[in-house]
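Report on the structure given below.
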Amino acid sequence: MDTDTLFVMASETEKTQALLQSCSTESLLSSLGLGIFCLVADRLLQFSTIQHNDWLRALSDNAVHGVIGMWSWAIVIGVKKKTDLREIFLAGFLASVIDVDHFFLAQSLSLKAALTLPRRPFLHCSTVIPAVVLTLKLIMHLFKLKDSWCFLPWMVFISWTSHHIRDGIRHGLWLCPFGKTPPLPFWLYVVSTSSLPHICSLVMYLTGTRQVMSSKHGIRIDV
């Protein structure tokens, strides 16, 4: 059996394993847990003690965004080794950090100013997400970073999209320049957030990203 045949067989094996793992019991249970977390966390944030304290409300809300981002990416990659934790924390950071645009728009470090904006800040425009993701992919292609950083556009996509979906239950999705949607039903937020890692993982499989992550970095894609 020649080398080319062995390479093709290995590649097909990786694809099959990636596809089978897309519906593993572990990932489905993790998604169920994520949905329950969304349900419980956002109900807890409605307590008057939190709602009447601007700092506590802002920090709690941002922390939930971060946890959802971390949980979602953990479902996508599976936690197999300590180095995976760095990616998971990065996903949480990305899911939380976009709220800094409130302060940029307010042109102030005042929390009150950041919470009373006349309009929504630019990173909360949902059409920014595909633009940023495609830009990242182009940069990686130009600088030949496609293998070592192939996860980054997907991490940005899932972290920012989960943030926007959650914000959507209060404000709807802002699809500039086309306008915005009505506020999303709470059930749709929970279902969408729970499903997002699987949708992302499936598209990663179809584009070959899952196989690259698995073969180049030893990452066990477990969604």
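The values are calculated or read from the model by the stated rules, or taken from the named source; none is laboratory data. Worth saying up front: this structure is predicted, and the values here are computed from it rather than measured. Positions of Cβ are backbone-derived with ideal geometry, glycine not excepted, and every protein chain shown enters the neighbour counts. When the accessible area is computed, the model is the full protein with side chains, heavy atoms only, and any ligands, DNA or RNA have been set aside. Shrake-Rupley method; radii C 1.70, N 1.55, O 1.52, S 1.80 Å.
I'd like to verify a number: residues in region 173-196 that are in a helix (DSSP H, G or I), aliphatic (A, V, I, L, M) and surrounded by 19 or more Cβ atoms within 10 Å (Cβ to Cβ), how many?
The qualifying residues number 2.
How many residues does region 88-99 hold that are open to solvent by 60 Å² or more (accessible area, probe 1.4 Å) and either within 15 Å of residue 61 (Cβ to Cβ) or not in a helix (DSSP H, G or I) (or both)?
0
List pairs: first residue in region 38-51 and within 13 Å of residue 189 (Cα to Cα), second residue assigned to a helix (DSSP H, G or I) and of a type in the set (Phe, Trp, Tyr) anywhere in the structure, Cβ distance under 7 angstrom, at least six positions apart or on different chains.
Going by the 7 Å Cβ cut-off, the qualifying pairs are 38/189.
What is the one condition in (1) of a type in the set (Phe, Trp, Tyr); (2) without any contact (Cβ under 8 Å) to a residue 12 or more places away in the chain; (3) assigned to a helix (DSSP H, G or I) that residue 154 does not satisfy?
Every condition holds for residue 154 apart from (2).
Residues are listed down the side, and each one gets a yes or a no for (1) within 19 Å of residue 199 (Cβ to Cβ); (2) in contact (Cβ under 8 Å) with a residue 24 or more places away in the chain; (3) open to solvent by less than 40 Å² (accessible area, probe 1.4 Å); (4) β-branched (Val, Ile, Thr):
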| position | (1), (2), (3), (4) |
| --- | --- |
| 111 | no, yes, yes, no |
| 120 | no, yes, no, no |
| 124 | no, yes, yes, no |
| 135 | no, no, no, yes |
| 141 | no, no, no, no |
| 145 | no, no, no, no |
